[in-house]
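Comments concern the structure below.
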Amino acid sequence: MGVIEVGELLDHGAVRRGVKIRYEGSEDFYFESAVSPGFSDAHAHPQVVDVGERRIWRHSYEWLEERRLRIDEAGLRRDKELSSMLAKATILRSLIDGVTLLALTGSLEGNVSALLTLPVSPRVVLLPTVMEAEGWSTPERVFAEYVRNLAKWNGFFNMGFFVHSLRKAGQSYLVASYKTASKLGVPFALHLSEGIDESETLVELLGDAPRNVVAVHCIEGAEKCKRMGLKVVHCPTSNLYLYGRTLRGLEFFDSLGSDWPLITGTVLHTYRDAVAVHGPNVRLLEKATVGGYAVFGMRGSGDLVAFDRSLEKVIAGDAEAKAVFIDSKLVVDEGTVVQMGLGKRDVERFKEEAVRLAFEKYGI
């Protein structure tokens, strides 16, 4: 067993100094600081490579209905191979940036394929998007895939349901997904109150007070969302990009989500945007790390991201991951995915090629 010695460790929100941690390896390491668990991205769309023209929209439905995309989203999501390639790019970019837990929405088949074929990844929560539109999943398809890979959902990986939104999924899809997720004890999430207060509508449609619901955005009616007991994922980068506004109080959210990791960067970039909004503090870093684990009920034993800068710099968002450990195993060292021998530039080239192919095949 190797030893990781850390000058300052933020361990599940508590600061510890002069810590020694054993991991499954032979080399010993020393780092100025570390955070355990690492960054958690509680909402990522790996197949999103274009979001339309930039302007300030009133709410998500206006954006969805009026934006002019340069790509055929439905065609891209039906392409299992390319969707898988984009998911792999998202997973690898996230790993290098210190993400130890990643929640992937979007293509059911593409994301499952990426997860089953990559030799290394963060802990992953698969949340296939349920939506009444071409190229998206039905609740039945998500359930069938969950059952087909039942042995895979072992605590390192999990799978649940992501209903796109109240207006885009329909009540039958919403209720079926919610009831199935509740019976299986798996995550249920959706975009909610993204510019329009939808908290009361959610209760009306479900016919009951929602339990164990993960709500992404909640930029309108934030107090109601928290009062209802919703677990809120804050996406400041995309909120500011689309609407010019976002949540302002730390009390209104539980975790962070990158939303569009192949466009605006991984949750590390999101964390830096959050620091610009909320200011640097330990509580924010806690939400950006252990927060996502709590939202999805995932264990984080042996997960750690290490830095060669002080914890104060990490809290300020002014540090890059030096090493990443997941389940007590070294997966990233000096910016290289150890098991695959891929450095940051290699992963960026892979991502750029995947995006290029997406526009080449499905550009409009």
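The values are calculated or read from the model by the stated rules, or taken from the named source; none is laboratory data. Treat the numbers as computed from the prediction; the structure is a model and nothing was measured. Here the Cβ positions follow ideal geometry from the backbone for every residue, glycine too, while neighbour counts run over all protein chains shown. These accessible areas exclude ligands, DNA and RNA; they are computed on the full protein's heavy atoms, side chains included. Shrake-Rupley method; radii C 1.70, N 1.55, O 1.52, S 1.80 Å.
Test Leu95 against the stated conditions and say whether it is farther than 29 Å from Lys287 by Cα and within 21 Å of the chain's Cα centre (by Cα).
Working: farther than 29 Å from Lys287 by Cα: no; within 21 Å of the chain's Cα centre (by Cα): yes.
Against the criterion (farther than 29 Å from Lys287 by Cα and within 21 Å of the chain's Cα centre (by Cα)), Leu95 does not qualify.
Between Asp346, Asp318, which is open to solvent by 50 Å² or more (accessible area, probe 1.4 Å), free of Cβ contacts under 8 Å to residues at least 40 places away in the same chain and closer than 30 Å to His278 by Cα? After ruling out the rest, the residue left standing is Asp318. Those helices (runs of 4 or more DSSP H) of the range 83-193 in which 1 or more residues are at pLDDT 95 or above, within 26 Å of Phe359 (Cβ to Cβ) and open to solvent by less than 30 Å² (accessible area, probe 1.4 Å) occupy 108-117. Of all residues in the range 227-261, which are open to solvent by less than 10 Å² (accessible area, probe 1.4 Å) and either at pLDDT below 95 or among the hydrophobic types (A, V, I, L, M, F, W, C) (or both)? Once the filter is applied, which keeps residues that are open to solvent by less than 10 Å² (accessible area, probe 1.4 Å) and either at pLDDT below 95 or among the hydrophobic types (A, V, I, L, M, F, W, C) (or both), the range 227-261 yields Leu230, Val232, Val233, Cys235, Leu242, Leu247, Phe253, Leu256, Trp260.
Listed residues Ala222, Ala189, Ala209; which is farther than 24 Å from Leu126 by Cα, in contact (Cβ under 8 Å) with a residue 24 or more places away in the chain and not acidic (Asp, Glu)? Outline the logic, then answer.
Working: Ala189 fails: farther than 24 Å from Leu126 by Cα; Ala209 fails: in contact (Cβ under 8 Å) with a residue 24 or more places away in the chain.
Exactly one residue qualifies, and that residue is Ala222.
When the residues of the range 5-47 are filtered to those that are touching a strand residue (DSSP E or B) at 6+ places or on another chain (Cβ under 8 Å), open to solvent by 10 Å² or more (accessible area, probe 1.4 Å) and in a loop (DSSP other than H, G, I, E, B), the one that is nearest to Ser83 (Cα to Cα) is His45. Checked against (1) part of a helix (DSSP H, G or I); (2) without any contact (Cβ under 8 Å) to a residue 24 or more places away in the chain; (3) closer than 26 Å to Lys351 by Cα, Glu65 meets all criteria but (3). Could we say that Lys287 is modelled with pLDDT under 95 and buried (at least 19 other Cβ atoms within 10 Å of the Cβ) here? No.
Name the single residue that is farthest from Val3 (Cα to Cα) among those in the range 321-335 being open to solvent by 10 Å² or more (accessible area, probe 1.4 Å) and in contact (Cβ under 8 Å) with a residue 40 or more places away in the chain.
Going through the range 321-335, the residues open to solvent by 10 Å² or more (accessible area, probe 1.4 Å) turn out to be 321-322, 327-331, 333-335.
Next, only the ones that are in contact (Cβ under 8 Å) with a residue 40 or more places away in the chain stay: 321-322, 327-331, 335.
Details: Ala321: 18, Lys322: 16, Asp327: 14, Ser328: 11, Lys329: 11, Leu330: 11, Val331: 15, Gly335: 20 Å.
Per the criteria, the residue is Gly335.
Entry remark, the range 63-78: residues being open to solvent by 20 Å² or more (accessible area, probe 1.4 Å) and at pLDDT 95 or above number 9 in total.
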